[in-house]
Amino acid sequence: MATATTMDREQLTALLQSHFHDLANEVDSGYLPTSELPQFEILEQREMSRERISLLTGQIELNTYDPGVRSAAANLMGVGASQICDLPTGPVADACQGVARAEVEQLRLLLHRLTDRLTPYYPSDPLFVTGNSDAPADPTMHWKTTPAGPSLGAVIEHHLQTGKSKWTSKTYEAKRTKLAYLVEHISADTPITAITADMIRSFKAAISRLRSNHHAGNKKTFADKQTLNENLRIAAETVLNIYNPTRAFFAWATNVEGYLSANPAANIRIETPKKVKGEKSRRAFTQAELQTLFSAPVFTGCASPKRRFDAGQAKLKDDYFWIPVLALYSGARLGELVQLHLRDVVTDGPTPYIEITETVDNSGPDQPQKHVKSEAGVRKIPLHPDVIELGFGEFVARRRKQKLSPRLFYLIKFGADRQASTVFSKWFARLLDKQGLKDPTLTFHSLRHGMQEALQNAKLPPYLINRLFGHSSGTTAEEYGAGVSVEVLADAVRSMKLPIRLPALWSENES
């Protein structure tokens, strides 16, 4: 009939309805898992079905079909796959569209049977609603067709662009990466109004199956990054970290932009293990640990600039030396120190200090954006007399004379995420490991914790400690006037009770 071009629409419709009947019989008895992990198997079947539906829907819209659809259409028309190219374009296009629609309807039936093996299924595509169908008169009982509206991919892009001016570059890139998992799982073309709580639940389950090294291998798909082996999966806290941008996105789409009347992610939570009271994720270094850390070759004499962890005669008082020293005596965050510019340092006045600010020079090379965590974070931190005694003023003077960069610590590059702390944080972690300080609660931030304890041990008032650390007291009083003077803060810094003093430690080591 096809080669003679005598196949009319009624005949093709009858063939397609018979074809769908055969496809439906393949799955209508219900899907029965065969593996030892039935829940995972059902989730996998559901995800694969949705991906295929999305793919076929796109093919139907573009009238371009993959070899599987074309082969099934050729078989339906009674010709070989290689002969279909010789047939008239009109009948072939109609047959391919019908076959694709039949497969979509079969997959919808499969999705129905994955959760319900008993309730009758009524096709949503009118092509397969036959005259003798037992479908109920109430059309709301039918499976709904995909609602129209903006796609998930488009709304997420709007969300990202809206937030880009408010978020740091690190936050922006993190949200983009994590929301890309959502897009890949559900499909960018899915209308946002079609997304259900079941889909979000499925995404949450998929996140929990991610490998602990899922960041490795950029070319791997979201599905490839998952594993059946529970011992190789990410921790619950990481699952929550990846899922949170999804929750925030749907809250924004519902409550801010009005894309949705109801939030499908509103009641879906990630449960994390309850934290044991008294345990801390970070802590201050003990006196012995500080002595071990600052007795490392990088501070006392190393082999060379490329071998700072090996003992030697080279005493390199450069960026790698000064950043931990400043952190010990200032309590500043790592990113705040690495991004310092020469203009932020005053060493020749009566009260030497560093200034944490987002201000940059108007000219000059190497000008990455500076970032301060909050309004209260913009502050001046007096330099402890030990820092001046160790030669920090001379180091700053040399950097000013060199005129190589407006940045004070230009040897420390910013990370690929454009964050000041990324590169040095990894180097410092290796330093701790080399010194045998392998407790996971010890990080660069532990130096900040140490100074806070030193200030508290000196019985300094909270408002002084808050000012030095860039914390807000939450009161309206701090909004008036210029705040605590740098001279008063300098007295506080001099009075703090640190566990060690570096000049004394290094003098003992030399003797």
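The values are calculated or read from the model by the stated rules, or taken from the named source; none is laboratory data. As the structure is a computational prediction, the values presented were derived from the model and not from experiment. Glycine gets a Cβ as well: all are built from the backbone with ideal geometry, and neighbour counts include every protein chain shown. The area values use the complete protein model at the heavy-atom level, side chains included, leaving out ligands, DNA and RNA. Shrake-Rupley method; radii C 1.70, N 1.55, O 1.52, S 1.80 Å.
Of the residues that make up the range 342-358, is at least one over 29 Å from the mean Cα position of the chain (by Cα), assigned to a strand (DSSP E or B) and not β-branched (Val, Ile, Thr)? Break it down stepwise before answering.
Kept after step one, since they are over 29 Å from the mean Cα position of the chain (by Cα), are these residues of the range 342-358: 342-355.
Subsequent filtering for residues that are assigned to a strand (DSSP E or B) retains 345-346, 353-355.
Those still in the list that are not β-branched (Val, Ile, Thr) too: 353, 355.
Checked the range 342-358: at least one residue is over 29 Å from the mean Cα position of the chain (by Cα), assigned to a strand (DSSP E or B) and not β-branched (Val, Ile, Thr).
Specify the residue that is modelled with the highest pLDDT; the eligible residues are those in the range 352-378 that are of a type in the set (Ser, Thr, Tyr) and crowded, with 17+ Cβ neighbours inside 10 Å.
The initial filter retains those residues of the range 352-378 that are of a type in the set (Ser, Thr, Tyr), namely 353, 357, 359, 363, 374.
Cutting the leftovers down to crowded, with 17+ Cβ neighbours inside 10 Å gives us 353, 357.
Values: Tyr353: 95, Thr357: 91.
Among residues in the range 352-378 that are of a type in the set (Ser, Thr, Tyr) and crowded, with 17+ Cβ neighbours inside 10 Å, the one modelled with the highest pLDDT is Tyr353.
Only one of (1) modelled with pLDDT under 90; (2) touching a Lys or Arg at 6+ places or on another chain (Cβ under 8 Å); (3) in a helix (DSSP H, G or I) fails for Ala477. Which number is that?
Exception for Ala477: condition (2).
Give me a count of the residues in the range 301-329 that are closer than 26 Å to Val493 by Cα and open to solvent by less than 50 Å² (accessible area, probe 1.4 Å). Can you show your working first?
Just the residues of the range 301-329 that are closer than 26 Å to Val493 by Cα, to begin with: 317-329.
Narrowing further to those that are open to solvent by less than 50 Å² (accessible area, probe 1.4 Å): 318-329.
Residues flagged as closer than 26 Å to Val493 by Cα and open to solvent by less than 50 Å² (accessible area, probe 1.4 Å) within the range 301-329 amount to 12.
Show the residue pairs that are 6+ apart or on different chains and have beta-carbon atoms under 7 Å apart, the first residue being within the range 49-70 and surrounded by 17 or more Cβ atoms within 10 Å (Cβ to Cβ), the second being at pLDDT below 80.
Listed by first residue and then by second, the contacts come to Arg70/Ala81; Arg70/Ile84.
Output the residues belonging to the range 101-125 that are more than 16 Å from Met48 (Cα to Cα) and of a type outside the set (Lys, Arg).
Within the range 101-125, Ala102, Asp116, Leu118, Thr119, Pro120, Tyr121, Tyr122, Pro123, Ser124, Asp125 meet the criteria.
List pairs: first in the range 97-125 and closer than 23 Å to Ala72 by Cβ and hydroxyl-bearing (Ser, Thr, Tyr), second open to solvent by 30 Å² or more (accessible area, probe 1.4 Å) and not in a helix (DSSP H, G or I), Cβ under 8 Å, 6+ apart or cross-chain?
Tyr121/Asp28; Tyr121/Trp143; Ser124/His142; Ser124/Trp143; Ser124/Lys144; Ser124/Thr145
Looking only at the range 304-315, which residues are more than 17 Å from Leu293 (Cβ to Cβ) and either of a type in the set (A, V, I, L, M) or touching a residue at least 40 places away in the same chain (Cβ under 8 Å) (or both)?
Ala314
Here is a check on your reading of the model: is Asp319 in contact (Cβ under 8 Å) with a residue 12 or more places away in the chain and farther than 30 Å from Asp439 by Cα? So that I can check it myself, show each step before the final result.
Working: in contact (Cβ under 8 Å) with a residue 12 or more places away in the chain: yes; farther than 30 Å from Asp439 by Cα: no.
So Asp319 does not fit the description; no.
If Ile270 satisfies all but one of (1) at pLDDT 95 or above; (2) under 23 Å from the mean Cα position of the chain (by Cα); (3) among the hydrophobic types (A, V, I, L, M, F, W, C), what's the number of the condition it fails?
Checking Ile270 against (1) at pLDDT 95 or above; (2) under 23 Å from the mean Cα position of the chain (by Cα); (3) among the hydrophobic types (A, V, I, L, M, F, W, C), the one that fails is (1).
Taking the range 163-183 as the search range and keeping residues that are modelled with pLDDT of 90 or more and open to solvent by 30 Å² or more (accessible area, probe 1.4 Å), which one is farthest from Lys219 (Cα to Cα)?
Lys175
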